[in-house]
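Reviewing the structure listed below.
Where a number appears in this text, it was derived from the coordinates with a stated rule and is not lab data. No experiment lies behind these values; they were computed from the predicted model shown. So basically every Cβ, Gly included, is an ideal-geometry build from the backbone, and we count neighbours across all protein chains shown.
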Amino acid sequence: EKGGFDHFMLKEIYEQPRSIKDCMRGRIYPEEGKVQLGGIKEFAEKLKNIDRIIIVACGTSWHAGLVGEYLIEEYARIPVEVEYASEFRYRNPIITEKDVVIAISQSGETADTMAAIEMAKERGATIFGICNVAGASIPRLTHAGVYTHAGPEIGVASTKAFTAQVTVLTLMAFYMAQQKGTITTSKLIELLTELDNIPDKIQIALESNDLIKEVAEKIKDSTNCLFLGRGSGFPVALEGALKLKEISYIHAEGYPAAEMKHGPIALIDEEMPVVFIATQNSSYEKVISNIQEVKARKGKVIAIVTQGDTEVKKMADYCIEIPDANEAFLPLIATIPLQLLSYHIAVMRGCNVDQPRNLAKSVTVE
Ligand code: M6R
């Protein structure tokens, strides 16, 4: 059932070119510059007039929410707040009938996310779900929703479900932009044409597996690791750190790269590996100066870079290349090498990758 792979996690990492295609099927029309989301179609009119979107989720799904925030604000120009479901439910949040709440959950059974939905629903908000498991509790609680169609995810560490959630959020951002008129058809044609090619780029990113294994060998005995990124590279860093913690039990933290000098920089010495999302986009130059700061303190730098990069290569100890892509799609590709890195480190440390200690696939108690 592992399809020739040693673990479900690895199988699920390799499924991503296919799972993302499945997620987009019938939803994008690149030639026409159109997105169709049948699941939320009946709210198409309402989307023209909403004041705010609140995303609620836990864990990896919350990281997907942060990517969604960047995309929805950028393209649909609707203010977005991303909340941990567990915090949101126990505050007395201000929610109105003009708010849309998007609940993200792979399993569709997460207790805190369900409670957050129930509260927002009582206060009159419209609730959309982004779930992977069809017919689970969350899809039944929401007013409408979009399934991720990633297929069953067995590994406790979320991989293909995360990239499918990000794909759905990308589609939602474009759909809302289309409804609100904040994007032109020609821009949508350009973006959707590129999105359509993302599965091929993920395939290329997967081809760095052997190199990533070599890097894993070098850092597998570390006790700590930092992950840094800017813009939508920040949620990617958070997700990279969570993955490493969960399956290898190495303490890891994700930070926005610029926050480093506000504290975490004190941790840096020759023992500290720092993984940078250093692809060529709007924050490239800034990330380069953050890399210099780490190198000046003898930290070990592992950088995820754009194919053909020369600048970062001069400074980093190890570079892992990924194909170039519009910044909007960076999280979908940059996440792949981080999943593989955690996987190999965990295997080398003899950890139970598919069923890490103390964790369950669905967290049905708060
Ligand atoms: O099923 P959900 O997406 O609601 O689960 C949320 C978190 O429990 C989940 O993402 C968790 O953080 C994973 N173990 C991450 O790999």
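Answer yes or no as to whether residue 258 is surrounded by fewer than 18 Cβ atoms within 10 Å (Cβ to Cβ) and either under 17 Å from residue 276 (Cβ atoms) or without any contact (Cβ under 8 Å) to a residue 60 or more places away in the chain (or both).
In short, yes.
Only one of (1) of a type in the set (Gly, Ala, Ser); (2) outside any helix (DSSP H, G or I); (3) touching a Lys or Arg at 6+ places or on another chain (Cβ under 9 Å) is not met by residue 350, so which one is it?
The failed condition is (3).
Under 6 Å by Cβ, and 6 or more places apart or on different chains, what pairs join a residue from region 149-162 that is within 20 Å of residue 331 (Cβ to Cβ) and of a type outside the set (Phe, Trp, Tyr) with one that is part of a loop (DSSP other than H, G, I, E, B) and within 7 Å of the ligand (Cβ to nearest atom)?
158/106; 161/106
One line per residue, one yes/no per condition, for (1) within 16 Å of the ligand (Cβ to nearest atom); (2) assigned to a loop (DSSP other than H, G, I, E, B); (3) at positive phi:
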position: 171; (1), (2), (3): no, no, no
position: 178; (1), (2), (3): no, no, no
position: 195; (1), (2), (3): no, no, no
position: 216; (1), (2), (3): no, no, no
position: 231; (1), (2), (3): no, yes, yes
position: 240; (1), (2), (3): yes, no, no
position: 254; (1), (2), (3): yes, no, no
position: 266; (1), (2), (3): no, no, no
position: 270; (1), (2), (3): no, yes, no
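Determine which member of the set 206, 211, 188 is touching an Asp or Glu at 6+ places or on another chain (Cβ under 9 Å), closer than 30 Å to residue 347 by Cα and surrounded by 15 or more Cβ atoms within 10 Å (Cβ to Cβ).
None of the other options fit; the residue is 211.
So which of 271, 321 ends up being more than 16 Å from residue 228 (Cα to Cα) and under 25 Å from the mean Cα position of the chain (by Cα)? Break it down stepwise before answering.
On the way: 271 fails: under 25 Å from the mean Cα position of the chain (by Cα).
Of 271, 321, the one residue that is more than 16 Å from residue 228 (Cα to Cα) and under 25 Å from the mean Cα position of the chain (by Cα) is 321.
Which of the numbered conditions does residue 325 fail, given that it passes all the others? Conditions: (1) more than 22 Å from residue 222 (Cα to Cα); (2) free of Cβ contacts under 8 Å to residues at least 40 places away in the same chain; (3) surrounded by 15 or more Cβ atoms within 10 Å (Cβ to Cβ).
Failed condition: (2).
Could you check how many residues of region 75-105 are on the phi < 0 side of the Ramachandran plot and in contact (Cβ under 8 Å) with a residue 60 or more places away in the chain?
6
Could you count how many residues in region 55-74 are without any contact (Cβ under 8 Å) to a residue 40 or more places away in the chain and within 22 Å of residue 132 (Cβ to Cβ)?
Matching residues across region 55-74 total 1.
Given the conditions (1) buried (at least 23 other Cβ atoms within 10 Å of the Cβ); (2) more than 18 Å from residue 188 (Cα to Cα), which single one is not true for residue 72?
(2)
Could you look through region 335-366, keep only residues that are more than 25 Å from residue 217 (Cβ to Cβ) and of a type in the set (Ser, Thr, Tyr), and pick out the one that is surrounded by the most Cβ atoms within 10 Å (Cβ to Cβ)?
Filtering region 335-366 for residues that are more than 25 Å from residue 217 (Cβ to Cβ) and of a type in the set (Ser, Thr, Tyr), the one surrounded by the most Cβ atoms within 10 Å (Cβ to Cβ) comes out as 362.
Any idea which of 261, 201, 245 is over 22 Å from the mean Cα position of the chain (by Cα) and either of a type outside the set (Gly, Ala, Ser) or under 28 Å from residue 58 (Cα atoms) (or both)?
Unique residue meeting the criteria: 261.
Suppose the filter is touching a Cys at 6+ places or on another chain (Cβ under 8 Å), within 23 Å of residue 265 (Cα to Cα) and crowded, with 16+ Cβ neighbours inside 10 Å; does residue 301 pass it?
Taking the combined requirement at face value, the residue does not satisfy it.
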